[in-house]
Structures are given as structure tokens and as C-alpha cells.
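Visitor: Got a structure here, written out as C-alpha cells. Questions coming.
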Amino acid sequence: MLKIDHLTHYFGGLKAVEDFSIDIQPRQMIGLIGPNGAGKTTIFNLITGVYKPTQGHVYFDGEDLTGFKPWRITQHGIVRTFQNIRLFSTMSVIENIMVAHHFRMKAGLLASILRLPSFIKEERETREMAAKLADIFGLSDVLETPAGSLPYGRQRRVEIVRALVTEPKLLLLDEPAAGMNPKEALELLALIKKIAEDFKLTILLIEHQMPVVMGVAERIHVLDFGRTIAVGTPKEIQNHPKVIEAYLGEGAKL
Amino acid sequence: MEVFLSQFIFGIQRGTIYALIALGYTMVYGVVRLINFAYGEVFMLGALFSFFIIQLMPLPPVLNVIVALLVPMALCAILGLAMDTVAYKPLRAKPRLAALITAIGVSFFLSNLVSYIGPDSVRTVSVLLFATAGLVILMTLSQKLFNFPKVPKSTGINWLKRSIMVGSLCLLGAVAWIAKPALALLRWKGSSFTAFPVDKLFEVVKYPIFGSVYITNVQIVIIIVAVVLMVALSFLVNRTMLGMAMRASKNNKEAVSLMGINVNSVIAFTFIIGTALAGAAGVLSAITYPRITAFMGIQPGLKAFIAAVLGGIGSIEGAMVGGIIMGLAEQFAIGLAPSSFGAAHIDFTPLAEGISFAILIVVLLLRPQGIFGEPPQDKV
Amino acid sequence: MKKLTNKAVLFAILGLVVVYGIVTILHQNHILNDYIMRIIILMMINAILAVSLNLINGFTGLFSVGHAGFMITGGYVAGFITTLVFKVTAETPYYQALPMFVIAILAAGAVSALVGFLIGLPVLRLSDDYLAIVTIGFGEIIRVIFNFISFKVDKGGWVQDVGGPRGLSGIPLLSNFTLVMIVFVLTIIIIRNFIYSRHGRACIAIRENEVAAHLMGINITKYKVMAFVLGSTFAGVAGALLAHIIQMLHPTMGGFMKSVEYLIMVYLGGMGSISGSVIAAFGLTAVSEFLRPIGELRMVLYGVLLIILMLKMPAGLMGRKEFPFLVPLKERQIHAKN
Ligand SMILES: Nc1ncnc2c1ncn2[C@@H]1O[C@H](COP(=O)(O)OP(=O)(O)OP(=O)(O)O)[C@@H](O)[C@H]1O
Ligand SMILES: [Mg+2]
């Protein structure tokens, strides 16, 4: 479903991503790991159209999405969360979620301005749907709180719900459990896994905490300095000499 | 050919003036990413200060030219420092838009203040300044004695800052009170502009260079002064510690401050240099188009900004090249636009004035980063 | 719960009717003279301008400094239509002139919208500073263009120049209290309903975090242009009304200085608050009429006001708060909880 061919990206002279290829089938959950600055977030930025790759292509459902604007890529069914949280901080949680449903809604300008019954109905349905999803992630009590005033952990959850209401096929999660302790992280990932099943989602997950990603991903790609140094099942990765070497420099989290 | 050549000379002259102002825009933007809209007003004040110096201080020739240029530059530099300290520095940590709006406020304030001040009204301004000083004293006392309006104990009152504030308000008030006779020289209420006394500086001499084309000693002086200033600036930016700090601040403020350099002083210096150059541009411009008004800075300010965008905002060479191109383009458009067209007698000269804005739009469409700029990329 | 909506809006409607009635009666009994009526009308016109600028600068987070340019465009378009096309004069009966004026107002809005679109489309793809400078430049282009456009009109035997640097004078007095109030109320309703729809939410999301909005599937250029065009349209409409109350236009009225006055209204009232813009526009218009004796000092004070606002009071008077009737019920519950 997502196929990336020889993706390369330079920042000036810095090779952030080099010759990255991946093939993801529907309903898979794939992990992407690597030490700091390995190029993981950059790959997300390339898939979602924030940057245009220096070389290589991104195909989704057989269509070449390389060079598309971010909003079009999202409308094709790829959506992401952000490592450094990017919520609409002064908007309430429910509004944050509703914004992301924007392009699925139909009310035209005129219907909105006249507040026609069709508009009112759609708004109500969207609001209810958003509230229901927020409830799954334990956000019911803060629906009307400005998103920026929540603690980090809950902001990350809002980001996930916001991504889900775009009704994606492929969900890109950039360190969704950052800042959580291993127990919370595992809980969140279990929840994500369940959601993925319920919504028939495909997931590409960046995660720093190895045990977390080991528990959920069926295949893991390991990056270091922009290059893919290993691909395999969690078991294979765990014992891969290159991976151990790359992570040893970082204090061997394994 | 002759027409072309004389337009070319005028164009270069016009362009050097734009370039000088554009340098201020570009340097400040390079370091703090702020468009300091008030350069046009600094330009106007440069011309105004020069006017007063020439009128009030009869000096021997040559010396008068130097004084009439350098003193306004120094005064404008002080103004630039004051502008940064009062209006922009407190907003460094705020969204960029806030400082941009303040800059517009400063520009609006200065031009309207100058337009308002005249022999009849200056004493009102003086009274207002004293009243503000009084208000500050009253507020300070009420804070000290009754803690009203409530200030957190930890903030306290910065006595030094308050004293400086009251002191400078009173000083300005006193200056405004005394300035009445001097302001009588300004007569733009009646005739909408005041003539700049060029004749007290130069006796205009024309040197023929080609056929009927002349270059005047005034033009030569303007071009030489502008070139000297630009060379001095290049030296400052490329060869001195201060210049190095400036260029480094552009890329990485944290690293610069880690190296023990005070970023705020670097920014302040950038303002000082930029405003001094804009002041010089004002003087040079007043010598060529000897009419000064309170709003004379708006147009050159805008056009210089466009020149900076054209050259690539943030780039010093860009500002110089952009300024010259703008000056030439404008001079040729105005000089060569048909003043009557066919039988309809449509005068196109008013439209020629808009050429700079047409340039702006074309640049933004084709190459928004300008000639020397790099395309921006923001981090996600 | 449904009742609550009706209550706030009902009170607002009732309030409007009462105010309208009282003002009309007082005017008819000459307690409010024409000068005061004129100020009231100007207050409402300025409120239209401030609210529509707030849609651009406050709600969508863009930074336009060219609102007066759109205003004057609308003014000229409407002025040319009533004076040159329909040849309305002071003698034309109002019932005949009114439909022509309505056409002129609509045309003014349409032309301003078109101009806004042509400027917005290329520029809104660039970063925010560029919009500021282009809109300032636009005010200047407008001045250049209206300096250039002039007509020779045959006035029964003698030829008169219309337009050009002299400006446009002799515009018939067609903006009256009723008409301006209707337009004012409609503007508020339209902009309020726009903001509380998926479209308005998209605009606010762009203000809050452009990258995130983009990545949530919002075509940010489209919405920036939409907000900009909608704002320009109302500016054009307001310009048409203004032209027919002050009865003359001058090319310089579209410039930077005038635009800054509207900016001040928006920032004084609070970025992202319709109520704030209305309050500030009413307040500043009234105050500046009373400050007329001190003349240009007013402009000096405006400059100081803008600086102080940014330094000491960045949220303005109202922050993002609204009068209850300007917020639909669901959203009002959210506001109430915060
Ligand atoms: N916009 C940019 N401009 C220049 N360099 C960049 C930019 N974005 C990322 N980089 C560089 O590219 C490299 C890869 O960065 P990236 O953010 O993709 O790493 P990462 O694997 O996500 O790391 P982390 O685990 O810290 O999130 C780093 O060296 C980073 O400094
Ligand atoms: Mg990352």
C-alpha cells in the first residue's frame, strides 16, 4: 500500500536520509527506529509532503504522491502526528478534533453562512463523532479545555485522535509515547493497536523506547545517519550486531 | 542616447539613496527578522535635522557639508537606538507580528508628530511631555505608597529606569519648549512643504560630459558619499569583530550568546548603523529634491524596502544592487513614459510611479527570495 | 438548552429594534441632529471595516495593512457607478436612487473581492511579512491608479474633469441610517456564521498552527485567500457606503495612514473578537470626532496607542471574548467553561 523507492534527502550538505526504501502492506504495523538525528522524522516529512525529496519516490495505493502538497497527501489517506506536539493551542480539544474532519465535511460556504439545517446537522454529527473518539482515548473530561493547557501526555492523545478523524488508511506516529514511562507507553500502544484493528489501519511508528516498539511492531527498520542499517522482525533486530553498535553510542538502550 | 545617459545618471543617484535605506532594512531583518517600517521616518528626520543645522549654524563651506551630513547621522543613530530599546526589544520573545505592528506604530507616530509640530503646536507637545513625566511620577508614588495598581512584590520598581524615563521626558519637554522660534522656520502648514536650503551648501556647478548631458557637483557628492558609506559598511561587516558577531547572529543566536557576545548589543548596533545610513540617505535626498515634508519618508521607505526584497532581504550586497536597480527602473519609467498617447492625450507619467510596485509583484511571483537570497525552509 | 440560544439572540434582536427606533425618533424630532447621525453612520461603517479586517488579521492570522486600499476601491467603483453611470444627483428621488445605490454597493463588493483575489492568490503562498509589504504597496498602487483614471464629463455645455489627482467629488448623499445599519448587521451575521463553521475553524487553525493545519488536510492557500477575499469584499462594501456619506473621495484615502487606523481598531478591540472590533470602531470613531478640535494630534496619539497596545496590552480590550449573541450555543458552552 505504501511503497517508498530509494528516497534520499539533503539539507544543504547534510544527507539526512539516504536511499531509504520500504514496502508496507495493508493492516501492517511497522516500526522505524534509530538514534537521535538518524532521519526518522525527516522520512515522515518526506512522506507527508512537508519536504520534497532530493531523489526517490513515494507511492501510495499505486499512485505516485511525490511532490504533492501536504493537504492533498492527507486527503489521500496518509496522516501523521508530530514529535514536537503541534496542536491548535487556544482552540478547545473538541475543536482541534473537528478541524481535522474538515475535508470530510460537505457544508458549503452559503449553507454555513445561512446556517441551513443541513449545516447544523453535519456540525452536530461531527461533534458527536469527535466526542466519541475522544472518549476512547480518555479525553471526555477535557473536551472543552484549550488544547494547549493540557499536560503533555494528554496532548499526544489529542494529536492521535485528531489524526484519526481524518479517516486515514495509513497512520504515521512520531514518538507517540515520548515522555511517558514504559508502563503508560505500553498502555497507549496497546490502545493504538486495538484502534488499528477496529479502523483497519496501517501504521508506521517511530519510537524511541525499544521495548515498546518490540512489543507491537511486526517488522522494524533501523536507521543510522540516514542509512537503513537493518530490517527484520523484532527478534532479529534485537540481536543484530549493527543495531547494537549504533545504539551503544547512545548508551545501549537495549 | 543623450536622454538615456542623463536618465542613467539620475537613476544611479536615486538608486544610491534607495540602497542606503535598503541596507538598514536588510541588516535588521537579517539579524532579528523584523521589518523596521520606520526607516522612512528616520530618512525624513535626517533631512529635517540637516535643515535645522544649516539654518541655525552658519559654517564655512565644505565644513558645513560634512557637519550637515554627520550630525544628522549621529542623531538618527541615537533615535534608532531609542526605537529599538523602547519599542522592539521588549517584544523579542513575542510573535514576530507584534514587533512588526509596533514598527508600523512607530512609523505612524513619528511622521504624524513631525507633521503636527510647528511653532503653534510645539508648546502643546512640550506640555504633554511634562504631563507624561508627571503621570509617571504620580504612578510611581502611588505604587510605592499604596501599592496601587497592584504590582507583585518581586517585580518592584526599577528606580533607575523610572528616573531615566522621567529625566528624558522632561529634557524633551524642555527642548520642545525652547524650540518654538526654530520651528518657525518650518512652514509646511501654508505651502505643504519647506524648501531645503541647498544654496547654503553648494553653488551648483554643471560639468558637461557628453553632448548636452551634464553631471552636477551635487550629484558627484551624493554618489561619492553613498559609495564611501557602503564601502565603510562592507568593511565593518566583513572585517571587524562586530560584523562577525552580526553575521553569526543571523544564523544562530544561541551559539553567539554562548560565545560570550551580548546578542542584544549586536542588535542595537545593527539598528544604529541602519538608522545612521537612512539618516544620511535623507540628507542626500533633500539635497537633490530640496523639499521636505513630514510624510516625505513614506514613499522612499517603501521603495527601499522593495529594493531590499528585490536584492534578497537579509543580504547586504542584495540591498545595494536592489537599490540601484530600483532607482534606474524608476528613473527610466518616469523619464520615458509617454506624457500623451495618440489622440486621447492620456498622460502615462502618473502610472510610471507605480513601476516599483510592479517590480515587487513580479519578484514575489518569480523569485520571492530575491536575487541574492536563499529559499527559506522551516523546520517541522 | 435550545431556549438559551434563542434568548441571547432574541435580546440582541430586541435591542437592535429598540436602538433603531429610538435613534430614528430622536432624529425625526431633531434631538439628534444631522451631524450626530453622520457620526453614528460613520461608526457603523468603521465597524464593518474593523470586523472584516479582523477576519483577515485576527482570525486567520494574516497581516494585511491594505484594508483602506480595498475600501477606497469599493468607494470609487460605487461612486463612479452612481455619478457617471446612473447619473444620480441630489435631485434624484430617493426611491429611484436606492436600487441604483444597491447595485453600486454590490458592484463595489464584487470588484474589491476580485482585486483581493488577484493580490491574495500569489502573495498568500509566501510568508507573512510579504503580505504586509504587498498590501502596503497595494495601497500605493491604488493611489497611482486612481490618480491616473479620470474622465471628461460633459455637464450640459461645459466639460468637467472627474477623478484623477483631484479626487471624485459630488457623490450623492445616499447612505442613510437605516441602510447602513442593515448592512452593518448583515456583515456581523455573515462573519460570525462564517467563523463558527468548518470554514472558519479552518482559518483559525491556520492561525494557530499553519503546518499542522496543512497536514490535517486543509488547503491553507485556499482558506487564506478565502478569508482575505471575504474581508476585502466587506471593505469594498463599506467603502461604497462611506463614499456616499462623505460625498467625496481622494486617491490618498486608500493609503497606508488610513489602513493603520483600521489596524488600531482591530488591535484595540482584540484580535479574534468581533465584539471587540465593534466596540473599538465605535469608540475610536466617536472619540476622534470629539478630538477633531485638536486635529492632527489625534494621529500622533494613534501611533502611541498602537505601540502601547502591542507592548502592554497585546490582547486588546476583549481578548478573544465575544458577546453571547455572537456565539452559537454549542460554542458558547465551551466559552463558559473556560
Ligand atoms: N529543516 C532542517 N534543516 C536542516 N537540517 C535538518 C532539518 N531537519 C532535520 N535536520 C537534520 O537532519 C537530521 C535528521 O533529523 P531527523 O529530525 O529526521 O532525526 P530523527 O531521527 O527524527 O531524530 P530524533 O530521534 O531526535 O527525533 C539531523 O541531523 C537533523 O539535524
Ligand atoms: Mg524525530
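Visitor: For the stretch C:1-103, which fully contained helices (runs of 4 or more DSSP H) count at least 1 residues that are of a type in the set (K, R) and open to solvent by 10 Å² or more (accessible area, probe 1.4 Å)?
Guide: C:2-28, C:34-54
Visitor: Against the conditions (1) at pLDDT 80 or above; (2) touching a helix residue (DSSP H, G or I) at 6+ places or on another chain (Cβ under 6 Å); (3) open to solvent by less than 60 Å² (accessible area, probe 1.4 Å); (4) more than 8 Å from every other protein chain (Cβ to nearest Cβ), where does B:F372 fall short? Just the number, please.
Guide: Single failed check for B:F372: (3).
Visitor: In the set C:F101, C:F70, which member is among the aromatic types (F, W, Y), in contact with a helix residue (DSSP H, G or I) (Cβ under 8 Å, 6 or more places away or on another chain) and under 30 Å from C:G316 (Cβ atoms)?
Guide: Checking each option against the conditions leaves just C:F70.
Visitor: Does the stretch A:117-137 contain any residue that is surrounded by 15 or more Cβ atoms within 10 Å (Cβ to Cβ) and in a loop (DSSP other than H, G, I, E, B)?
Guide: Yes, the stretch A:117-137 contains a residue that is surrounded by 15 or more Cβ atoms within 10 Å (Cβ to Cβ) and in a loop (DSSP other than H, G, I, E, B).
Visitor: Here is a follow-up. Pick out the one residue from B:L172, B:L183 that is open to solvent by less than 50 Å² (accessible area, probe 1.4 Å), in contact (Cβ under 8 Å) with a residue 24 or more places away in the chain and either in contact with a strand residue (DSSP E or B) (Cβ under 9 Å, 6 or more places away or on another chain) or of a type in the set (A, V, I, L, M, F, W, C) (or both).
Guide: Working: B:L172 fails: open to solvent by less than 50 Å² (accessible area, probe 1.4 Å).
Every option except B:L183 fails the conditions.
Visitor: Condition check: more than 8 Å from every other protein chain (Cβ to nearest Cβ) and within 30 Å of A:R127 (Cβ to Cβ). Does C:R198 satisfy that?
Guide: no
Visitor: Would you please list the contacts, defined by Cβ atoms under 6 Å and residues six or more apart or on different chains, that run from a residue in the stretch C:301-322 that is open to solvent by 20 Å² or more (accessible area, probe 1.4 Å) to a residue that is in a helix (DSSP H, G or I) and aromatic (F, W, Y)?
Guide: Between residues of the stretch C:301-322 that are open to solvent by 20 Å² or more (accessible area, probe 1.4 Å) and residues that are in a helix (DSSP H, G or I) and aromatic (F, W, Y), the close pairs are C:V304/B:F109.
Visitor: Now a separate question. From the list C:I171, C:I182, C:I133, C:I189, which residue is within 11 Å of chain B (Cβ to nearest Cβ) and either surrounded by 23 or more Cβ atoms within 10 Å (Cβ to Cβ) or of a type in the set (A, V, I, L, M, F, W, C) (or both)?
Guide: Going through C:I171, C:I182, C:I133, C:I189 in turn, just one is within 11 Å of chain B (Cβ to nearest Cβ) and either surrounded by 23 or more Cβ atoms within 10 Å (Cβ to Cβ) or of a type in the set (A, V, I, L, M, F, W, C) (or both): C:I133.
Visitor: Are any residues in the stretch A:80-107 facing chain C (nearest Cβ under 7 Å) and in a helix (DSSP H, G or I), and if so, which ones?
Guide: Listed by number, the residues that qualify are A:E95, A:M98, A:V99, A:A100, A:H102, A:F103.
Visitor: What's the number of the only condition in (1) of a type in the set (A, V, I, L, M, F, W, C); (2) within 16 Å of ligand 1 (Cβ to nearest atom); (3) over 20 Å from A:E207 (Cα atoms) that A:V17 fails to meet?
Guide: (3)
Visitor: Shifting gears a bit: May I ask you to verify whether C:L179 is of a type outside the set (G, A, S), modelled with pLDDT of 85 or more, in a helix (DSSP H, G or I) and closer than 30 Å to C:A227 by Cα?
Guide: Numbers: of a type outside the set (G, A, S): yes; modelled with pLDDT of 85 or more: yes; in a helix (DSSP H, G or I): yes; closer than 30 Å to C:A227 by Cα: yes.
Yes: the conditions hold for C:L179.
Visitor: Take residues that are under 24 Å from B:N112 (Cα atoms), aromatic (F, W, Y) and at pLDDT below 95 and tell me which of the helices (runs of 4 or more DSSP H) falling wholly in the stretch C:194-284 contain 1 or more. Walk me through it before giving the result.
Guide: Details: elements: C:198-208, C:210-215, C:220-246, C:256-269.
In the stretch C:194-284, C:256-269 are the helices (runs of 4 or more DSSP H) which contain 1 or more residues that are under 24 Å from B:N112 (Cα atoms), aromatic (F, W, Y) and at pLDDT below 95.
Visitor: Something else now. Name the residue that is nearest to the other protein chains (Cβ to nearest Cβ), counting only residues in the stretch C:249-266 that are closer than 17 Å to C:G163 by Cβ and open to solvent by 20 Å² or more (accessible area, probe 1.4 Å).
Guide: The qualifying residue nearest to the other protein chains (Cβ to nearest Cβ) is C:T252.
Visitor: If I filter the stretch A:28-41 down to residues being more than 13 Å from A:L204 (Cβ to Cβ) and surrounded by fewer than 22 Cβ atoms within 10 Å (Cβ to Cβ), which single residue comes out as farthest from ligand 1 (Cβ to nearest atom)? So that I can check it myself, show each step before the final result.
Guide: So the first thing to find is which residues in the stretch A:28-41 are more than 13 Å from A:L204 (Cβ to Cβ), and the list is A:34-39.
Then drop every residue that is not surrounded by fewer than 22 Cβ atoms within 10 Å (Cβ to Cβ), which leaves A:35-37.
On the way: A:P35: 7, A:N36: 4, A:G37: 4 Å.
Top of the filtered list is A:P35.
Visitor: If you don't mind, another one. Kindly provide the set of residues from the stretch A:157-192 that are free of Cβ contacts under 8 Å to residues at least 24 places away in the same chain and either among the acidic types (D, E) or within 16 Å of ligand 2 (Cβ to nearest atom) (or both), ordered by number.
Guide: Passing the criteria: only A:E187.
Listed here are the residues, each with its yes/no results for (1) modelled with pLDDT under 95; (2) away from chain C (no Cβ under 13 Å); (3) surrounded by fewer than 22 Cβ atoms within 10 Å (Cβ to Cβ).
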residue: B:G24; (1), (2), (3): yes, yes, no
residue: B:V32; (1), (2), (3): yes, no, no
residue: B:N36; (1), (2), (3): yes, no, no
residue: B:I53; (1), (2), (3): yes, yes, yes
residue: B:P60; (1), (2), (3): yes, yes, yes
residue: B:I66; (1), (2), (3): yes, yes, yes
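Visitor: So, A:E207, is that one within 14 Å of ligand 1 (Cβ to nearest atom), within 14 Å of another protein chain (Cβ to nearest Cβ) and farther than 26 Å from A:A131 by Cβ or not? Talk me through it step by step, then tell me what you get.
Guide: Working: within 14 Å of ligand 1 (Cβ to nearest atom): yes; within 14 Å of another protein chain (Cβ to nearest Cβ): no; farther than 26 Å from A:A131 by Cβ: yes.
In short, no.
Visitor: Among the residues of the stretch A:124-139, count how many are without any contact (Cβ under 8 Å) to a residue 24 or more places away in the chain and at the interface with chain C (Cβ under 9 Å from one of its Cβ atoms).
Guide: Number of matching residues: 1.
Visitor: I've got another one for you. Filter the stretch A:42-70 down to the residues that are within 14 Å of chain C (Cβ to nearest Cβ), within 15 Å of ligand 1 (Cβ to nearest atom) and hydrophobic (A, V, I, L, M, F, W, C) and list them by number.
Guide: A:F44, A:L46, A:I47, A:V50
Visitor: Only one of (1) within 14 Å of chain A (Cβ to nearest Cβ); (2) surrounded by fewer than 24 Cβ atoms within 10 Å (Cβ to Cβ); (3) among the aromatic types (F, W, Y) fails for C:F234. Which number is that?
Guide: (2)
Visitor: So B:A174 passes all but one of these: (1) modelled with pLDDT under 80; (2) part of a helix (DSSP H, G or I). Which condition number does it fail?
Guide: B:A174 satisfies every listed condition except (1).
Visitor: Would you mind telling me which numbered condition in (1) out of contact with any Leu (no Cβ under 8 Å at 6 or more places or on another chain); (2) modelled with pLDDT of 95 or more A:G226 fails?
Guide: A:G226 satisfies all of (1) out of contact with any Leu (no Cβ under 8 Å at 6 or more places or on another chain); (2) modelled with pLDDT of 95 or more except (2).
Visitor: Then there is this: Select from the stretch B:90-122 the residues that are among the charged types (D, E, K, R) and more than 10 Å from chain C (Cβ to nearest Cβ) and write down the one among them that is least open to solvent (accessible area, probe 1.4 Å).
Guide: Filtering first and then ranking leaves B:R92.
Visitor: So is A:F88 in contact with a Leu (Cβ under 6 Å, 6 or more places away or on another chain), open to solvent by less than 20 Å² (accessible area, probe 1.4 Å) and away from ligand 1 (no atom under 13 Å from the Cβ) or not? Lay out the reasoning, then the answer.
Guide: Working: in contact with a Leu (Cβ under 6 Å, 6 or more places away or on another chain): no; open to solvent by less than 20 Å² (accessible area, probe 1.4 Å): yes; away from ligand 1 (no atom under 13 Å from the Cβ): yes.
For A:F88, the condition - in contact with a Leu (Cβ under 6 Å, 6 or more places away or on another chain), open to solvent by less than 20 Å² (accessible area, probe 1.4 Å) and away from ligand 1 (no atom under 13 Å from the Cβ) - is not met.
The values are calculated or read from the model by the stated rules, or taken from the named source; none is laboratory data. Computed from a predicted model, the values in this text were never measured in an experiment. No Cβ is skipped: glycine too gets one built from the backbone with ideal geometry, and neighbour counts run over all protein chains shown. Side chains are part of the model used for accessible areas, which takes the heavy atoms of the whole protein and leaves out ligands, DNA and RNA. Shrake-Rupley method; radii C 1.70, N 1.55, O 1.52, S 1.80 Å.
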